[in-house]
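The values are calculated or read from the model by the stated rules, or taken from the named source; none is laboratory data. Bear in mind that the values here come from a model prediction, so they are computed numbers and not experimental data. With ideal geometry, Cβ positions are generated from the backbone for all residues, glycine too; neighbour counts draw on all protein chains shown. With ligands, DNA and RNA removed, areas are computed over all heavy atoms of the protein, side chains included. Shrake-Rupley method; radii C 1.70, N 1.55, O 1.52, S 1.80 Å.
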Amino acid sequence: MIQPLSIDKTFSTPGVKFSSQDFSLVLEGRVIPEDANSVFKPIFDWVNAYFNEGNNQLNVVFRLYYYNTSSSKRIVNFLKVLDEHFSLGKKITVKWEYEEGDDDCMRDGQDYQAMIKLPFELVETPELE
């Protein structure tokens, strides 16, 4: 049986937490690591294992304050992995939260939304951090 995912937030990496109550996977914080692969690999591995065990639902929430270019590329790859599972019939939603007035983050969310088919909601929020 797959273990719940829980990764502590640091200055340069997001906190990642899965809640089995509402099937939510929340990524929150900064994503500015030296090695973005090391941040995203455990998340990719967990999501694939989660769905391979027969789980059908996942609600992903991105609550990122800042992310660098290499992390942005990993976010795209992660969304593509989610989209593949969605195309296989899994119930997946994405919520992209961005801080009020952060037009760059909003546009990034819009770009990500356009790349995938799964339900993707853009949500403007008050100050995140």
Quiz item: Extension gain Asn68-Ala114, at 0.36 nm per residue separation less the Cα-Cα distance, in nm?
Solution: 14.6 nm
Quiz item: When the Karplus curve 6.51 cos²θ - 1.76 cosθ + 1.60 is applied with θ = phi - 60°, which whole-Hz ³J(HN,Hα) does each residue of the stretch 44-51 get, with x for Gly and Pro?
Solution: 4, 4, 5, 4, 4, 5, 4, 6
Quiz item: What is the set of long-range amide H partners of Ser24 at a cut-off below 5 Å, with H atoms built 1.01 Å from backbone N?
Solution: Ser19, Asn59
Quiz item: Share of the chain's accessible area from carbon and sulfur, percent, 1.4 Å?
Solution: 47 percent
Practice problem: Over the stretch 82-129, give the accessible area per residue in Å² for a 1.4 Å probe, as an integer. | Solution: 62 Å²
Practice problem: Counting other Cβ atoms within 10 Å, keep those with at most 14, restrict to DSSP loop, and tell me which GluC sites (Glu not before Pro) in the stretch 1-96 are left. | Solution: Glu34, Glu53
Self-check item: Amide H contacts under 5 Å for Lys95, placed H, 5+ residues apart
Solution: Val60, Val61, Phe62, Glu121
Quiz item: In the stretch 1-70, what percentage of the DSSP-assigned beta bridges are antiparallel, given to the nearest 5?
Solution: 45 percent
Practice problem: Using only protein heavy atoms and a 1.4 Å probe, report how much of Ser72 is accessible, in Å² to the nearest 10. | Solution: 30 Å²
